[in-house]
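Below: one structure, written as structure tokens.
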Amino acid sequence: MSFFGSLLGSVVKVALTPVAVAKDVVNVATGKEADATKKNLEDAVDDLEDAMDDIT
Amino acid sequence: MESWKLLLLALVTIVGAWLSARMEAREYAHNRKVSHFLLTCLRVMVAGLVLRSLLPDPVELPVVAMSLIYMMGIFGPVHRICLNQIRINRYFVHIPWSHLGTESKYDTFFRTLLRGNEKAAFVSMTTFELLIAAAMYTQLTP
């Protein structure tokens, strides 16, 4: 993916964090495993690192 | 993150929420205007400093973000309950135990969602925030 694609992906994932948190709340309330926020934030950091790799 | 660090974070957050509620109640009692934006900036800054001292180098951004959300999930209910209790018991303000702020969009959202029922909004917000803290705790523990 290009620099801007990776950067945009990272920004979108960070913006979607509240949705992931809400999904985790539902998972905790229903006794399921909550991992959406962690996955989402890790993906955002990966995308950011990809973007940095693209310009260096 | 180790469990003891998360429990220490919870303890620090509870103490911070209580202290913040005491100061805020005093400001309300003296009819002084409270800047919620500045208060939030101050709280996030203190939370960042506490996290900086607890997390090992180099810091991982997802861990920092989830720790802040975890602290927020504990701070919210404790602060809301303490603020109302201090205002009622120390400053004899006639408000219900379930009093919510009138300027906050977050409070307004829940109040609107529950058709103006303040008690239901108060309980829902508190439960929601505690579930957020529980969800972050499960993801932060190895």
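The values are calculated or read from the model by the stated rules, or taken from the named source; none is laboratory data. All figures in this text were calculated on a predicted structure; none of them were measured in a lab. Positions of Cβ are backbone-derived with ideal geometry, glycine not excepted, and every protein chain shown enters the neighbour counts.
Tabulated values for the structure
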| read-out | value |
| --- | --- |
| Single condition B:Tyr106 does not satisfy, out of (1) of a type in the set (Phe, Trp, Tyr); (2) surrounded by fewer than 12 Cβ atoms within 10 Å (Cβ to Cβ); (3) more than 21 Å from B:Phe128 (Cα to Cα) | (3) |
| Filter result for A:Leu41 (facing chain B (nearest Cβ under 9 Å) and crowded, with 19+ Cβ neighbours inside 10 Å) | yes |
| Pick from chain A, criterion in contact with a Ser or Thr (Cβ under 7 Å, 6 or more places away or on another chain), under 22 Å from B:Leu140 (Cα atoms) and not aliphatic (A, V, I, L, M), ranking: modelled with the lowest pLDDT | A:Asp47 |
